[in-house]
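Colleague: Take a look at the following structure, please.
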Amino acid sequence: MRRLLFLNGIKAFEAAARTGSFAAAGAELNVSAAAVSRMVHLLEERLGVALFERKANRLVTTAAGRAYQGGLTPIFDALASLTAQVTAPSSVRVLTIGVGPTFAMKWLIPRLAEFRKEEPDIDVRITTGGAAVPFGDDWSCGIKLGSGEWPGLIAEPLFAADLLPVCAPRLANQLKRPADLKGPTLLRVAHSPDDWPSWLEAAGAGRITARGLQFDHYGQALQAAVDGLGIAMGIRPYIDDDLAAGRLVAPFALSVPKGMRWYLVYRGFSTAQRDFTAFRRWIIRAAAEPAQRRKSQRQVG
């Protein structure tokens with residue numbers, strides 16, 4: 001027989017460990033902080049193991065507590081997902097993808113029609129979330145740029161995130177060598193201040209300082225480059241379609257690794273879900289397909 005002891009205490013502990021306080025756990029579970037504290041204390045007594053070190057103003061999980069919470073959170077996530085599947089109307093199949101706004105606009109959305117042709121019954125929902133946004137409870141999967149280390153999530157590599165300058169074709173004629181780049185014409189992205197210095201250093205032009213217009217997102221900087229406002233630091237795969245279509249050109253062949261990769265991220269139990277499995281199979285195949293070949297296929301079609 002399965003031995004499940006004191007489920008209320010287990011829920012209280014998991015919420016407190018995940019949120020970092022009894023008060024936050026109580027708000028989530030709709031009980032008082034004192035009630036959460038009592039349930040966790042009873043759980044510790046029944047387990048015979050201390051799960052928290054109770055500091056003056058904060059909770060600190062013990063080694064046993066960290067191990068317990070690391071196993072419990074995916075179990076509760078899987079239970080919530082299973083419940084949502086069971087209670088959803090049988091005709092509704094929803095796939096929610098967490099992805100940054102530029103990745104959505106520059107890569108994913110232009111290709112979604114291909115996925116819909118293969119899986120017309122799946123209702124795809126895009127929710128914006130970048131590397132700094134936590135994996136949402138309602139996400140089927142996410143696409144993130146980073147090191148590949150997200151606790152509690154499986155991360156499968158999709159693309160290398162290589163950097164290379166891009167600009168409108170008429171500006172490229174003025175650029176024969178990296179030394180021709182001028183700081184005021186170099187478009188910047190606020191959350192990635194190291195992109196230009198990394199590329200310029202690798203190109204032997206480290207004395208140049210980017211001082212051009214600054215944007216919140218790569219998508220804005222790339223659109224400014226298309227409009228001839230300057231040279232943007234492109235990142236793959238954002239620039240692949242624009243390069244293939246001739247809207248942007250890369251005046252220099254040198255590309256520099258950003259030091260991160262793009263990953264498909266998901267919880268382990270997602271592999272048992274048919275809709276996610278179909279999307280995973282499709283996106284891995286699409287990520288391996290060069291943009292130039294896709295352009296040729298569209299022209300032939």
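Colleague: Find all pairs meeting these conditions: Cβ atoms under 7 angstrom apart; at least six residues apart or on different chains; first residue within the stretch 49-71 and at pLDDT 85 or above; second residue in a strand (DSSP E or B) and open to solvent by 80 Å² or more (accessible area, probe 1.4 Å).
Modeller: So the pair list comes out as 60/53; 62/53.
Colleague: Are there any pairs, at least 6 apart or on different chains, whose C-beta atoms fall under 6 Å, with the first in the stretch 179-193 and free of Cβ contacts under 8 Å to residues at least 60 places away in the same chain and the second in a loop (DSSP other than H, G, I, E, B) and of a type in the set (A, V, I, L, M, F, W, C), and if so, which?
Modeller: Listed by first residue and then by second, the contacts come to 179/205; 181/208; 183/208; 183/210; 186/210; 187/213; 188/210.
Colleague: Follow-up. Given the conditions (1) touching a Phe, Trp or Tyr at 6+ places or on another chain (Cβ under 7 Å); (2) at pLDDT 90 or above, report the number of the one that residue 270 does not fulfil.
Modeller: (2) is the only condition that residue 270 fails.
Colleague: Output the number of residues of the stretch 189-210 satisfying the condition of being touching a Leu at 6+ places or on another chain (Cβ under 7 Å) and either under 13 Å from residue 163 (Cα atoms) or open to solvent by 40 Å² or more (accessible area, probe 1.4 Å) (or both).
Modeller: Adding up the residues that qualify gives 7.
Colleague: Give the residue, chosen from 185, 277, that is in contact with a helix residue (DSSP H, G or I) (Cβ under 9 Å, 6 or more places away or on another chain), open to solvent by less than 70 Å² (accessible area, probe 1.4 Å), within 25 Å of residue 135 (Cα to Cα) and not hydrophobic (A, V, I, L, M, F, W, C).
Modeller: Numbers: 185 fails: within 25 Å of residue 135 (Cα to Cα).
Every option except 277 fails the conditions.
Colleague: Also, I was wondering about something else. Test residue 232 against the criterion of being in contact with a strand residue (DSSP E or B) (Cβ under 8 Å, 6 or more places away or on another chain), closer than 20 Å to residue 265 by Cβ, small (Gly, Ala, Ser) and open to solvent by less than 70 Å² (accessible area, probe 1.4 Å), and give yes or no. Before the answer, list the steps.
Modeller: Values: in contact with a strand residue (DSSP E or B) (Cβ under 8 Å, 6 or more places away or on another chain): yes; closer than 20 Å to residue 265 by Cβ: no; small (Gly, Ala, Ser): yes; open to solvent by less than 70 Å² (accessible area, probe 1.4 Å): yes.
So residue 232 fails the test.
The values are calculated or read from the model by the stated rules, or taken from the named source; none is laboratory data. Please read these numbers as outputs of a predicted model, since none were measured by experiment. Virtual Cβ from ideal backbone geometry, glycine too; neighbours counted across all protein chains shown. Just so you know, the surface numbers come from the protein's heavy atoms only, side chains and all, with ligands and any DNA or RNA stripped out. Shrake-Rupley method; radii C 1.70, N 1.55, O 1.52, S 1.80 Å.
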